[in-house]
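**Student:** Below is the structure I would like to discuss, written out as structure tokens.
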Amino acid sequence: MSQKKIRLSDSEIQSIISATTSVLRLKGFEPKEISIFGSRTSLEKKGGDIDLYILLKNTSKKNRTEQNINGLKRELRISLEDRLGEQKIDIILDDGVCGLGSFKEVIRSTKVILWTKNTSSNFSKNN
């Protein structure tokens, strides 16, 4: 089965996966899935920000506070910009409890999974 092509290089994908898993684990969160959604999943479009959807596995109530989630997003953004350069990055963290609001349908219809905890290999544009 071939993967959908996206507008990110293999090195950008690996940087996203590495930065995201490192920061999450350092802060006591366990990533289950890292996906991209939105305009970067369309080869016909140009430019656009990087929209990340990150599904978290079994977060505790202690880790789920708004302050912790906002701090986590800030640290993720800094780590991603360190690796990818300064650019617009939107991060949606799904802890399985908070609703995704209006993003739910956009994420569901356009997301491309870059990494999951249960797979031994990561997304490759060339598959």
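**Student:** Filter the stretch 77-108 down to residues that are of a type outside the set (D, E) and over 14 Å from S35 (Cβ atoms), then give me how many there are.
**Tutor:** Qualifying residue count for the region: 15.
**Student:** Pairs under 8 Å by beta carbon, first residue part of a helix (DSSP H, G or I) in the stretch 72-84, partner of a type in the set (D, E) and buried (at least 18 other Cβ atoms within 10 Å of the Cβ), six or more apart or different chains?
**Tutor:** Here the result reads L84/E12, each pair linking the stretch 72-84 to a residue that is of a type in the set (D, E) and buried (at least 18 other Cβ atoms within 10 Å of the Cβ).
**Student:** Just to be sure before I move on: is L24 in contact with a Pro (Cβ under 8 Å, 6 or more places away or on another chain) and in a helix (DSSP H, G or I) in the structure I sent?
**Tutor:** yes
Conditions (1) among the aliphatic types (A, V, I, L, M); (2) surrounded by 16 or more Cβ atoms within 10 Å (Cβ to Cβ); (3) modelled with pLDDT under 85, marked per residue:
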{"position": "E44", "(1), (2), (3)": "no, no, no"}
{"position": "T110", "(1), (2), (3)": "no, yes, no"}
{"position": "W115", "(1), (2), (3)": "no, yes, no"}
{"position": "T119", "(1), (2), (3)": "no, no, yes"}
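**Student:** If you don't mind, there's one more thing I want to ask. Kindly establish whether R25 is modelled with pLDDT of 85 or more, within 17 Å of Q87 (Cβ to Cβ) and not hydroxyl-bearing (S, T, Y).
**Tutor:** No, not satisfied.
**Student:** If you check K73, K104, which single one turns out to be out of contact with any Phe, Trp or Tyr (no Cβ under 7 Å at 6 or more places or on another chain), more than 13 Å from I50 (Cβ to Cβ), surrounded by 15 or more Cβ atoms within 10 Å (Cβ to Cβ) and of a type in the set (K, R)?
**Tutor:** Of K73, K104, the one residue that is out of contact with any Phe, Trp or Tyr (no Cβ under 7 Å at 6 or more places or on another chain), more than 13 Å from I50 (Cβ to Cβ), surrounded by 15 or more Cβ atoms within 10 Å (Cβ to Cβ) and of a type in the set (K, R) is K73.
**Student:** Also: Check the stretch 72-80 and report whether any residue there is among the charged types (D, E, K, R), over 21 Å from I6 (Cα atoms) and either at pLDDT below 95 or out of contact with any helix residue (DSSP H, G or I) (no Cβ under 9 Å at 6 or more places or on another chain) (or both). Show your work before the answer.
**Tutor:** Initial filter on the stretch 72-80 (among the charged types (D, E, K, R)): 73-75, 77.
Then keep just the ones that are over 21 Å from I6 (Cα atoms); that gives 73-75.
Next, from what is left, pick out any that are either at pLDDT below 95 or out of contact with any helix residue (DSSP H, G or I) (no Cβ under 9 Å at 6 or more places or on another chain) (or both): 73-74.
Checked the stretch 72-80: at least one residue is among the charged types (D, E, K, R), over 21 Å from I6 (Cα atoms) and either at pLDDT below 95 or out of contact with any helix residue (DSSP H, G or I) (no Cβ under 9 Å at 6 or more places or on another chain) (or both).
**Student:** In addition: Of the conditions (1) touching a residue at least 60 places away in the same chain (Cβ under 8 Å); (2) under 19 Å from T110 (Cβ atoms), S18 clears all except one; give me its number.
**Tutor:** Among (1) touching a residue at least 60 places away in the same chain (Cβ under 8 Å); (2) under 19 Å from T110 (Cβ atoms), the lone unmet condition for S18 is (2).
The values are calculated or read from the model by the stated rules, or taken from the named source; none is laboratory data. Nothing here was measured: the structure is a model prediction, and the numbers come from that model. Note: ideal-geometry Cβ built from the backbone for every residue, glycine included; neighbour counts use all protein chains shown.
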